[in-house]
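Below: the structure, in structure tokens.
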Amino acid sequence: MSITSYIDSYSSILIFELSDEDYCIQISELKGILNANDKEYSIENSLSNPGIVFKNTIYPFIDLTSILKLKKKKFDKNSRILLIDYAKGVASIRVNQVKEILNIEKKIIEDLIKNGDESKMIRGKLKIDGKTLIMLNFNEILSVKENK
């Protein structure tokens, strides 16, 4: 197998923790990762929708724990802010920690998305190395947030 066909057959996912659950997102949907404890950004609460201000751009802040009805867990030095690219722009979410980046076969993700229901916030669950990872559908999550 050539290096090009190897690269073309794999996709990268980012695994993160939120409220003691492991979630994942395709790297292609990720715009950036910020250290939640850095002073590089600020939180803008004066807007009707709170946002993260980073490099003179305001990214809407999405509280995933509320949307997914998860138990709130205190954020700490491992917390990160993910900038998520979705159909209508870029939004920010805060996660308890970023765990790792894995390369997995593209077919696994394609099958998950093809067999999943795009109208739901969860695309499906991946089992990798004995771990269950929940792949979220950020287009749906963020559209639900916008309609509230």
Task: Of residues in region 114-143 being in contact with a strand residue (DSSP E or B) (Cβ under 6 Å, 6 or more places away or on another chain) and in a helix (DSSP H, G or I), the one modelled with the lowest pLDDT - done: L142
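Looking only at region 63-89, which residues are of a type outside the set (S, T, N, Q) and more than 14 Å from A36 (Cβ to Cβ)? Walk me through it before giving the result.
Taking region 63-89 as the starting set, the residues that turn out to be of a type outside the set (S, T, N, Q) are 63-64, 67-77, 80-89.
Of everything in region 63-89, those that are of a type outside the set (S, T, N, Q) and more than 14 Å from A36 (Cβ to Cβ) turn out to be I67, L68, K69, L70, K71, K72, I84, D85, Y86, A87, K88, G89.
A quick yes/no check of all residues on (1) surrounded by 16 or more Cβ atoms within 10 Å (Cβ to Cβ); (2) of a type outside the set (V, I, T); (3) at pLDDT below 90:
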site	(1), (2), (3)
Y23	yes, yes, no
L47	no, yes, yes
D76	no, yes, yes
I84	yes, no, no
Open item on the list: Quick check on my filter: what residues within region 99-113 are at pLDDT 85 or above and either assigned to a helix (DSSP H, G or I) or crowded, with 18+ Cβ neighbours inside 10 Å (or both)?
Closed with: L102
- [ ] Can you run down the residue pairs with Cβ atoms below 7 Å, 6 or more apart or on separate chains, where the first is in region 50-79 and under 13 Å from S19 (Cβ atoms) and in contact (Cβ under 8 Å) with a residue 12 or more places away in the chain and the partner is part of a strand (DSSP E or B) and aliphatic (A, V, I, L, M)?
- [x] L64/L18; L64/I93; T65/L18; L70/L18; S79/V95
- [ ] Being surrounded by fewer than 16 Cβ atoms within 10 Å (Cβ to Cβ) and either touching a helix residue (DSSP H, G or I) at 6+ places or on another chain (Cβ under 6 Å) or hydroxyl-bearing (S, T, Y) (or both) is the filter here, so list the residues in region 86-98 that pass it.
- [x] A87
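The values are calculated or read from the model by the stated rules, or taken from the named source; none is laboratory data. Bear in mind the structure is a predicted one, so any value in this text is a computation, not a measurement. Don't worry about glycine lacking a Cβ; one is built from the backbone with ideal geometry, like all the others, and counts go over all protein chains shown.
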